[in-house]
Amino acid sequence: MKLRISILTLIAGTGMLAGCHGDLDIAQKSQITSVSMWKTESDAIGAVYGVYAQLRSTLADSYIYYGDLRTNLYGGGMMSEPAFDKMGANVLTRDLAGTNWVSFYTTINDCNLVLKKVPSISFNSDAKRNEVLANAYFVRGFLYFWIARIWGDAPVLTSGFESDNQEDLYPARAPQAQVFAQAEADINKAVELMPRSVSELKTGSWGAVNMLKADYYLWKAKRLNGGRDALLAAQTALNEVLAGPYVLAPQFKTVFSNEEDPEHIFSIDFTRDEYTGGFASMYLIPLQYVSDDRLVENPVKVGSHQQYLSITDAYEAFLSAEAKDTRTDVSFMVYQDVENRFRWINKFVGEWANDTRFFTSDIPVYRLAEALLMKAEVENALGNTPDAVGYLNDVAERAYGVEDYYPANLSAAEVDEKIVDETMKEFVSEGKIWWAFVRFGVAFDRVATLTGREDETNLLLWPVASACINTNPKIEQTEGYN
Amino acid sequence: MSKIKTICLLTAFLFALSSLSAQTGNITGTVSDKNGQPVQGVAVIVKGTTTGTTTDPEGHYSIRASQGSILEFSFIGYMPREVTVGNESVIDITLAEAVVGLDEVVVVGYGTQSRRTVTSAISKVGGEALQDIPINSVGDGLKGKIAGVHFYTTNNTPGADPIIRIRGGSSINRSNEPLVLVDGIERDLSGINPNDIASVDVLKDAASSAIYGSRASNGVVLITTKRGTADSGPRITFEGSWALQQTERTYEFLNAQDYISYVRTAVSQGPHPDYNFKDGYSASSGNTDNSIYSTRYLNPGEAVPAGYQSMPDPLDPMKTLIFQDNSFVDEVFQNALWQNYYIGLDGGTRKVRYTASMGYTDDAGVAVGTNFSRFSARSNADVQISDRLKFTAGFDFGQTLTNAYASQHQVISRGLYCPPTQKIRNADGTPTPGYNASSPSPLYYAYLNDNDQKINKLGINGGLEWEIIDGLKANATASLYTSTATGDYFTRANKFNGTRPSSSDLTDQQRKKLEAYLSYTRTFGNHSLSVMAGYSYQDYKYKYLKASAADAISDKIPTLNAGPTKTEATTTMEEQVLIGYFGRVNYDYKKKYLLTLTFREDGSSLFASGNQWGFFPGASAGWVISEEPCLKSSMAVSNLKLRVSYGQTGNNAIGLYDALGQYGVDTKYNGIGAIVPSSMTNPTLTWETTTQLDAGVDVGFLNQRIQLSADYFNKVTDDLLFNKTLPNTSGFGSILTNVGKVRFSGFDIELNTRNINTKNFSWDSRFIWSYVKNEVVKLPDNGRDRNRIGGYTVTMADGSKREFGGTAEGEPLYRFYGYQTDYIIETMEQADNARYDESSRGWRVSDGKYVLGRKDVGDYEWKDFNGDGRINGQDMFYMGTTMPHSTGGFGNTFAYKNFTLNIYMDWALGHSICDQIFSRQFVNFFANNSSLSAEVKKTWQKPGDKTKYARFSGNDSDDTNRNFRTVSNVFTTKADYLCLREISLQYNVPAEKLKKLGIYGLAVTLSGNNLHYFTKVKGISPETGTASTYSSSYFSYPPIRRFSLGVKLTF
């Protein structure tokens, strides 16, 4: 009897134990899983900010590798770094910094997931949904535009990877034209969807998508045989920007001292305790070189990081040629103490607080001055040279404090040359000059380390890093860099 | 459902058997040696059963045995004895020495078993191995002492625990840490006082560890703490020991005079000759009072200041340089005190047995600003409620306080790059900083930073053991373990950072476990059977909280409230549940033919629904040949047992989000919360399953004076949890999949001998050798040669591709690669014809110019792997392996009258270290301000010099041709070592001299720990192989040697 009770108790007990099996399904509290993501509007908006956070880490350092360093206008500071020397020498080797596209495609995948998932999420307003989608198209179009110009042929991916059995997981490099075509489609989609009322600065806006459109169509016109149609598309986009809420800062220095200045159209945000650093951290004088404490910030801008980059003597001379130019001191500073000549790029000094440097300067991706120079470029290309001079003079007037700095009777060729000159003066270390050189077709004239090298295959492109090839056997090295 | 059915059937079976039983009672007694001294650890077994116990420190035992049954008493070093149980309830025994024992009791999962009937691979070390040596942690005392188990220290900072690897582990990407259970509680070893430990049992093969199912692939370590004995005590033990600590080895640097000579000469030939005269350079003649460097010209008419030395300027001998000659190594690492105190109480009546102890260990830390202390308390109680019902309870508390460097890479590896001419302190007495924020002088770091960590660990366990009928026992245990770690960090305002960041964190872990099992033991004539089945439920909760603040107005307040800028606030909460059903059957025929079957069915919350449950079986068999008639009477062979086992275990060490995918919410953009995809989902994930074959032999000769135990094992892990690398265009670096297979195979040998055994003198030896090799069998398909992950793809001169490195099928793990020197360039012609070196800046002393890629006289010519005439990342050669293939130990114990001398050595062979901390001591980076190795004197200087070091050229990394900055074979050494780990000399004061003082025992011990490594490795510990010592994850705290004096008093 007793035995039977014991057995029954045991069986009952075992049954109760089995009842605990449900405890194995635990909803973790601290992170979102694939099961709980993509349900609400706020998931979608959070994901868009995630896209911009990825974009920031993609470009924080490399923005100037692609846009500036190959111009050979920059070189070592207190110390030099071989990787930057190679970019300046236009001797790009595989595995050089900047050759790995992983961050570009990570950001693109994040965009793709937004574009894939957002259509099935319900929003309070269509305008908000369109803004979310427009931002994803804007960033993806921006990145494909850069990828096409950096690597040429490259994978074009639009599906959004969530598992490892999707068929396009192992892509080959698509022809460069296809990459540009994807950029064009995305940019037009962004313009189509972006509500005109959106005027954000650190994320996409009506002005930002139109700047990107102008940037792209100018390139298409000049480099991809886009012809008059492309110029007109760029003109349309620029007219939208110029009709927008943007105004030139009265003084050039304000552009960099006030990151919210209405001149700015799109900036990538850097904030203390959120994300700091980037290329700007390599510009200032390391504290250990400044033996006299009184010079710190007065005037020597110091950082805790080694100064691997500064401008070259030739560029310094070019920027200093016009005494009236109010941009010179903003772009760079020189201080000669007893033993050292300190020279540093002065635009992105971030914050100095508690005797500590915080590299919090935003990357100004688009600002009105560039819209004006682009407008000048478009009008000049369309044959409206006097109008072009007018836009060029808008920028020059602020810089030199002189109205009609450039005479209206300049030839079209002279105007193009002046636009490039002004780009070099206006956009020191803003990631613009290399692209301008290539777009105007003057890279081999203006870059000493490219002189006579027109025959080298794909010299204006970049090799891809081994990591791109080693993770995907379908990827081939950029021709000319094997 | 099937498992539940199985349990019911088993249960019914047990009950059916239970009708046959006999009267039993509790037998107690004391075991002593021929001198009347109690013998601890004697195995007491009821013959013909698996029931057994061991004697406590007083020699007491207590066991249930029926009238007429035979008690077997055995212990290594003593002749075994058998006594038939009569009417008496107390049986005292005297054991004769001279033979090495066969019958120890080993702890198996959920029970104990006599060594005689064990058929799987289980190693045991008694607590005495951890006694009388100055160690902080349990693992420190076990190095080289257990066959098949490799204890090695990766971090020598005070209080850090060694890593445990059993038979090489089981995984490639996932944890290779064994499951550690202390009195049944899953926890790490830190916080446990080595004095409290009664035994350490290690389950090495699958048959023994399968009872722990999904967490057992890396083996299981079972630690049993001391318990009280019936009818004894109360006895009080006091121990105190005091040790002097110092570094066992450190790097040697050039002194200031040599340093100045080398640096000034090199700088004068380099691109920045002005550094020889400017303010703020270590060897410059132009330093002012502002500079942290002391070197400068002696002013006309000035006497050499106090604390300065002088020398002629090597560049201009007419001038006199003055400088300080400081040794930062000597400043940072100073002799430190280590102290340990322990009070233990134990005893018992027939009904209640108890132990209680308190311990305090304090390690003042050899490196400035580091230290460790531990307070521990533990008590165990066993209460015999009735003849058939026993209650057990245990409690332990440990508190550790630690100050450690947040980054040894910055503070030690880079901190020691402070040159000898650097002033140690400023005029105001504060330490001078280092060159930059990430290479502080360690003194400066310690002065600026508070890193206080406190961990409280509390374990409580209780259980009931109910002998329902004779032979049938029900056990239920519950335990709670909590660990609360807090850290408080503050950095005072300094030259590099004026924001006074402070942070505080709290990690709270809690593990609750409920286990119940039934066991039944029965002998029918020549057949013995023992069956056990049970259930386990475990819940683990984790919470992490961290907050940070900055911008406090002064250095006075290190806490967060003073910082107006709150920079971080985060909490993380996680939970895991593990449910298991397990069972075991032991059967033997005449103690000659042995069989054990084991299973466990585990469910884990880490996996997605549908893939949560796994089944893990094990089987082992043994044949005791020495029980066969042919050997039974052999004088030479006293024991011979063949064992074979086979089974499967799991490794469920995956991340919480690996199966479900993760979107991170820790990112912000423009101050707004952002969501970022961070891991790809894979709902089909399941455990790694390890299948292990073990074949072993236990053999004893000459009445067990020589005992050998040897095992061969072959374990293959399938369904390897593998981060399958994804194309870097996919948005994710990798996805965790169950693809891949790896094999670990090898052997363990343990040899114990009693070499000499006379009345007054004995000599015992113990030799351990563990060998393990590994091979990757299968990897995820990725289209590459051998499905290689990582590594190098090299285009050879003929256009063919060669792949090597990384992880690949058919190759072992843990290899690393680097550049290899061909020769040192001796003539300008050789330099002109040298291969284009992509990492060379091409500086030449002769023309003072940079030409990228060219070489100078005295540079290394690197070997060109692919024959393309260019030296770059394609020219990699195999340099070494980070894991040793062989480890082991060799111990000798000599006893003469009341003196005991114990010498233990351990060793490891086959691993290598690429020491980039050391190579950078030739680089003179930081704008020629970093310190230089004493070996710089051996660098190449002129044609014909026979040396492995290229020329010294000043700032090799930033200014010249990267001979030393390049990762190469020059700084890769075999890290083989033999460590003189422990020596102890103990004197036991004879008992009769103490009696009148009321003292029971008094022992005085002189001992040493980590006395010397015989190795080629310089400056750092040879125990951990690595592809780079210059890494933020590498611990450069040097090994620490201790000399101690200890006193043990028993009342």
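The values are calculated or read from the model by the stated rules, or taken from the named source; none is laboratory data. Note that the structure is predicted; figures quoted are calculated from it, not measured. Here the Cβ positions follow ideal geometry from the backbone for every residue, glycine too, while neighbour counts run over all protein chains shown. The accessibility values were calculated without ligands, DNA or RNA, using every heavy atom of the protein model including side chains. Shrake-Rupley method; radii C 1.70, N 1.55, O 1.52, S 1.80 Å.
Students often get this wrong, so check it: of B:Lys319/B:Lys849; B:Lys124/B:Lys641; A:Lys301/A:Lys347, which have C-alpha atoms separated by over 20 Å? Over 20 Å apart, Cα to Cα: B:Lys319/B:Lys849.
Counting protein heavy atoms only, region A:270-361 has 48 percent of its accessible area on carbon and sulfur, 1.4 angstrom probe.
For peptide A:266-276, how many partner chain Cβ atoms fall within 10 Å of a residue's Cβ, on average?
That works out to 3 on average.
Against chain B, whose longest principal axis is taken from its Cα atoms, helix B:256-269 shows a tilt of about 50°. Summing Lys and Arg as +1 and Asp and Glu as -1 over all other residues whose Cβ lies under 12 Å from the Cβ of B:Gln692 gives a net charge of 0.
Based on Cβ point charges of +1 for Lys and Arg and -1 for Asp and Glu, what charge dipole magnitude is obtained for chain B about its Cα centre, in debye rounded to the nearest 20?
On the way: 103 positive and 104 negative charges, 302 e Å.
Once rounded to the nearest 20, the dipole reads 1440 debye.
Need one value for A:463-473: mean number of C-beta atoms belonging to other chains within 10 Å of its residues' C-beta atoms.
Details: counts 0, 1, 1, 5, 4, 3, 4, 13, 12, 9, 6.
Mean number of neighbouring Cβ atoms from other chains: 5.
Against chain A, whose longest principal axis is taken from its Cα atoms, helix A:102-117 shows a tilt of about 60°.
Helix A:412-426 axis versus longest C-alpha principal axis of chain A: approximately 60°, rounded to the nearest ten.
The relative contact order of region B:702-857 comes to 14 percent, based on Cα pairs under 8 Å that sit 6 or more residues apart.
Is the shape of region A:160-272 rounded, prolate or oblate, going by the alpha carbon gyration tensor and its root eigenvalues a ≥ b ≥ c, with a/c under 1.5 for rounded and a/b larger than b/c for prolate?
Numbers: a/c = 2.25, a/b = 1.43, b/c = 1.57.
The shape class here is oblate.
Within 10 Å of the Cβ of each residue in A:161-168, the mean number of Cβ atoms contributed by other protein chains is 5. Just how far, in whole angstrom, is region A:65-125 from region A:342-375 if you go by their alpha carbon centroids? Using only Cα atoms, the two centres lie 19 Å from each other. Put the Cα centre of region B:803-869 next to the Cα centre of region A:437-455 and the gap is 32 Å. Buried between B and A is an accessible area of approximately 7300 Å², summed over both sides with a 1.4 Å probe. Sorting the segments B:676-688, B:224-236 by their residues' average number of neighbouring beta-carbon atoms within 10 angstrom, most packed first, yields B:676-688, B:224-236.
Longer than 28 Å from Cα to Cα, which of B:Lys591/B:Lys773; B:Lys855/B:Lys948; A:Lys202/B:Lys566; B:Lys632/B:Lys773; B:Lys778/B:Lys863; B:Lys512/B:Lys715 are they? Say none if no pair is.
Numbers: B:Lys591/B:Lys773 35 Å; B:Lys855/B:Lys948 17 Å; A:Lys202/B:Lys566 23 Å; B:Lys632/B:Lys773 38 Å; B:Lys778/B:Lys863 32 Å; B:Lys512/B:Lys715 32 Å.
Beyond 28 Å between Cα atoms: B:Lys591/B:Lys773; B:Lys632/B:Lys773; B:Lys778/B:Lys863; B:Lys512/B:Lys715.
Each other residue within a Cβ distance under 11 Å of A:Asn346 adds +1 if Lys or Arg and -1 if Asp or Glu, for a net charge of +4.
Size of the dipole of region B:216-317 about the Cα centre, Lys and Arg at +1 and Asp and Glu at -1 on the beta carbon, nothing else charged, in debye to 20?
Values: 7 positive and 11 negative charges, 134 e Å.
For this selection, approximately 640 debye.
Based on DSSP, what percent of beta bridges with both residues in region A:270-361 are antiparallel, to the nearest 5? If you can, show how the numbers build up before the last one.
Numbers: 9 of 12 bridges.
Roughly 75 percent of the beta bridges in region A:270-361 run antiparallel, per DSSP.
Would you please classify the overall shape of chain B from the alpha carbon gyration tensor, given that a ≥ b ≥ c denote the square roots of the eigenvalues, rounded means a/c under 1.5, and beyond that prolate means a/b larger than b/c while oblate covers the rest? Here chain B falls in the prolate category.
Using the Cα gyration tensor of region A:270-361, with a ≥ b ≥ c the square roots of its eigenvalues, what is the shape: rounded (a/c below 1.5), prolate (a/b larger than b/c) or oblate (neither)? Walk me through the numbers before you get to the answer.
Details: a/c = 1.93, a/b = 1.32, b/c = 1.47.
Oblate.
For the pair region B:248-268 and region B:278-353, the centres of their Cα atoms are 14 angstrom apart. For chain B, the relative contact order works out to 11 percent when only alpha carbon pairs closer than 8 Å and six or more residues apart are counted.
Cross-link partners of B:Lys204 among aspartates and glutamates, defined as those whose alpha carbon lies under 14 angstrom from its own and excluding same-chain residues fewer than eight positions apart: B:Glu177, B:Asp694, B:Asp711, B:Asp748, B:Glu750.
Sequence-distant contacts, meaning Cα pairs under 8 Å at least 6 residues apart, place the relative contact order of region A:270-361 at 36 percent.
Just to confirm a number: summing +1 for Lys and Arg and -1 for Asp and Glu over residues other than B:Lys143 whose beta-carbon lies under 10 angstrom from that of B:Lys143, what do you get?
On the way: positive: B:Lys145, B:Arg981; negative: B:Asp140, B:Asp906, B:Glu982, B:Glu1023.
Result for the local shell: -2.
Accessible area ranking (1.4 Å probe, heavy atoms, ligands and nucleic acids excluded), largest first, for B:Trp907, B:Trp843: B:Trp907, B:Trp843.
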